[in-house]
Amino acid sequence: MKLITFTNKGIYCPQGKFYIDPWRPVDLAVITHGHADHARWGMKKYLCHHFTKPILYKRISEDIECQSVEYGEVININGVKVSLHPAGHIIGSAQIRLEYKGYVSVISGDYKVQDDGLSTPFELVRCNEFVTESTFGLPIYNWLEIDDLNKKLQSWVLRNKENQKTSVFIGYSLGKAQRIMKAVEGLGKIHVHYSIGKLNEAFETVGIDLPDYEIPDFRESVKHLQDEIVIVPPALLDSNVIKKIPNAATAICSGWMQVRGARRWRSADAGFAMSDHADWKGLLQAIKATEAELVHVTHGQTEVFSKYLNEIGIKSDVVETLYGDDDEEEKEKEVIEN
């Protein structure tokens, strides 16, 4: 049975007549999460998790038609049972489970198996067919435990305070920034760039509890940020915004920081391997646990990862998609290396 097909518009369910994370306009788009490479403008109707809905309103338009559901809630679309299950990637991220005549396909979107303490933890969903990402699908990518990583961020902030430095973290506005806020909560006043604050407000509208923060006006004097904590998106690395911050010590938070030899930090003072994607072990753990008979590998280290899955007895193929073209980790990599 073919419950999903891969088209020039996106992943399509012919029985249900809907798409998952399409990159071209369609009538009904089921959305895994709010990052721009998975949730795009132009769909007649969107379906997503409750926590993703305000993100779509902020990023696409408040005029879109959008239905939202709880995790595990089953809805019937043209005879296909559709449910959303936690992906652990960012707040509101979901794996899309499709069931038709006993056959189950799961489209994972982006995911991580680590519990970051903020996103709803990844839920194993057994299936016949699994669609996986492979952003960090190489053995060199192995993340620290979340608590150990957070302690590194905390130690860096405390050391900066001792040296009268202002701690400036560079992390993607949706997902990474909120994790950084959670990690350094209680170590000082947190200030976030407007783009991060806008997404924080979206989460707050659905009851997500984030640490207290302020949004400074970088057009004015920011001398009051001395010795405090500032979080800005990657696009501002080396910008005048950071140059205005008094005695700034900068740290890039990205999975690409895992590879020491590839660290081209430009003017950054530190780097932390923080990612909202699964590492090598996490990808394999999730895929094996699904017990899927067929695994489709989308964006990332597709050829290498798919080849490895076949070598260990898991039938796999590579699927061409447009995911990753506007992915947050790819943007970070581009900013870091240029």
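The values are calculated or read from the model by the stated rules, or taken from the named source; none is laboratory data. Here the structure is a predicted model, which means the values were calculated and not measured. In this analysis, Cβ positions are derived from the backbone assuming ideal geometry, glycine residues included, and neighbour counts consider all displayed protein chains. When the accessible area is computed, the model is the full protein with side chains, heavy atoms only, and any ligands, DNA or RNA have been set aside. Shrake-Rupley method; radii C 1.70, N 1.55, O 1.52, S 1.80 Å.
For the range 34-54, the tally of residues that are free of Cβ contacts under 8 Å to residues at least 60 places away in the same chain and within 15 Å of residue 94 (Cα to Cα) stands at 6. Just a yes or no: is a residue in the range 144-159 closer than 19 Å to residue 254 by Cβ, assigned to a loop (DSSP other than H, G, I, E, B) and in contact with a His (Cβ under 9 Å, 6 or more places away or on another chain)? No, the conditions are met nowhere in the range 144-159. Only one entry of 298, 250, 290 meets the criterion of being touching a Cys at 6+ places or on another chain (Cβ under 6 Å) and β-branched (Val, Ile, Thr), and that entry is 290. The condition (being over 16 Å from the mean Cα position of the chain (by Cα) and either hydroxyl-bearing (Ser, Thr, Tyr) or open to solvent by less than 10 Å² (accessible area, probe 1.4 Å) (or both)) is satisfied by just one residue among 153, 144, 158: 153. For the range 272-288, filtered to residues that are open to solvent by 10 Å² or more (accessible area, probe 1.4 Å) and outside any helix (DSSP H, G or I), the residue that is nearest to residue 114 (Cα to Cα) is 279. Taken over the range 1-60, the criterion of being basic (Lys, Arg) and on the phi > 0 side of the Ramachandran plot is satisfied by 17 alone. I need a count of the residues in the range 223-239 that are under 19 Å from residue 183 (Cα atoms), within 26 Å of the chain's Cα centre (by Cα) and either modelled with pLDDT under 90 or outside any strand (DSSP E or B) (or both). The qualifying residues number 2. For residue 252, the conditions (1) at pLDDT below 95; (2) crowded, with 22+ Cβ neighbours inside 10 Å; (3) assigned to a loop (DSSP other than H, G, I, E, B) all hold with the exception of (3). Taken as a whole, the condition of being touching a residue at least 40 places away in the same chain (Cβ under 8 Å), touching a Leu at 6+ places or on another chain (Cβ under 6 Å) and surrounded by 21 or more Cβ atoms within 10 Å (Cβ to Cβ) applies to residue 170. Answer yes or no: is there a residue in the range 110-121 that is closer than 30 Å to residue 184 by Cβ and of a type in the set (Gly, Ala, Ser). Within the range 110-121 (the criterion being closer than 30 Å to residue 184 by Cβ and of a type in the set (Gly, Ala, Ser)), the answer is yes, since at least one residue qualifies.
This table checks each residue for (1) assigned to a loop (DSSP other than H, G, I, E, B); (2) open to solvent by 10 Å² or more (accessible area, probe 1.4 Å).
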position: 164; (1), (2): yes, yes
position: 178; (1), (2): no, no
position: 220; (1), (2): yes, yes
position: 241; (1), (2): no, yes
position: 256; (1), (2): no, yes
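Please state which one of 69, 74, 30 is among the β-branched types (Val, Ile, Thr) and more than 21 Å from the chain's Cα centre (by Cα). Answer to the selection: 74. Residue 137 - would you say it is open to solvent by 10 Å² or more (accessible area, probe 1.4 Å) and either assigned to a helix (DSSP H, G or I) or touching a residue at least 12 places away in the same chain (Cβ under 8 Å) (or both)? In short, no.
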